[in-house]
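Written below as structure tokens is the structure these notes are about.
We did not get these values from a lab; they are worked out from the coordinates using the rules stated. Keep in mind that what you see is a predicted model, and the values were worked out from it rather than measured. Glycine gets a Cβ as well: all are built from the backbone with ideal geometry, and neighbour counts include every protein chain shown.
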Amino acid sequence: MALPSIALPGTLLGPADKYLPGPGTHIHASQIYASIAGPVVSSKPSPAAPASTSTSKTAKAPKPLPLLSISRPAPADDNALGIIGNSGGGGTTILPEISSEVLGRITRLSPRFASLDILVVNSSVCREPFQGMIRREDVRLTEKDKVKIEESFRVGDLVRGVVISLGDQSNYYVSTGSNEFGVVMARSEAGNTMFPVSWREFGDPRTGGRERRKVAKPF
């Protein structure tokens, strides 16, 4: 499996028996996943420490594993990576379009919709966030009348979705209806990073508690 050049939260990077998790990554089910968006960096392992005098000279030390990490590019490197935005200082403005896949952070909840800041558009990190909205009828494809926003998202969740309408002048309409869309990263009420345990629940590895979410299918 080749390493991706740029990852989004939830992107599978490689098995934990071949790499070590570094900054911007996490381990789930013996696999290393990206926790943030950015370029994927594989660092060469540091030289092994000298063996102890009590260790047999014939024993072979385990081979050091390369370190995987996600780094955010410096502003000067943005164009080289194809990451363009809408702030001052030159460059072309990137705008969400219908069918654009986006990554955003939930900022506000109401009974009828969830507001989010769109941070990534089609793998390009935005210099400044765009405002988006996930309406109750766009959370999932089935049993739409039974959807509860507070059981689908929480403020601070990272969500992957697709733009279905340019909306009004202040919001893009985003859908998480398909299986691959939904919450990709969430923290529990205790403040711990959770992992998905089903299509509608995340689990807290420390407390053992579970919380309802509209979970995105991992890559």
Could you list Asp138, Asp117, Asp168 so that the one with the fewest beta carbons within 10 Å of its beta carbon is first and the one with the most is last? Asp168, Asp117, Asp138
FRET efficiency, 1/(1 + (r/R0)^6) with R0 35 Å, evaluated for Leu12 and Lys144 via beta carbons: 0.70
At R0 = 25 Å the Cβ-Cβ FRET efficiency linking Lys44 and Asn122, nearest 0.05, sits at 0.20
Where does the charge balance sit around Val162 when Lys and Arg score +1, Asp and Glu -1, over other residues with C-beta under 12 Å from its C-beta? -3
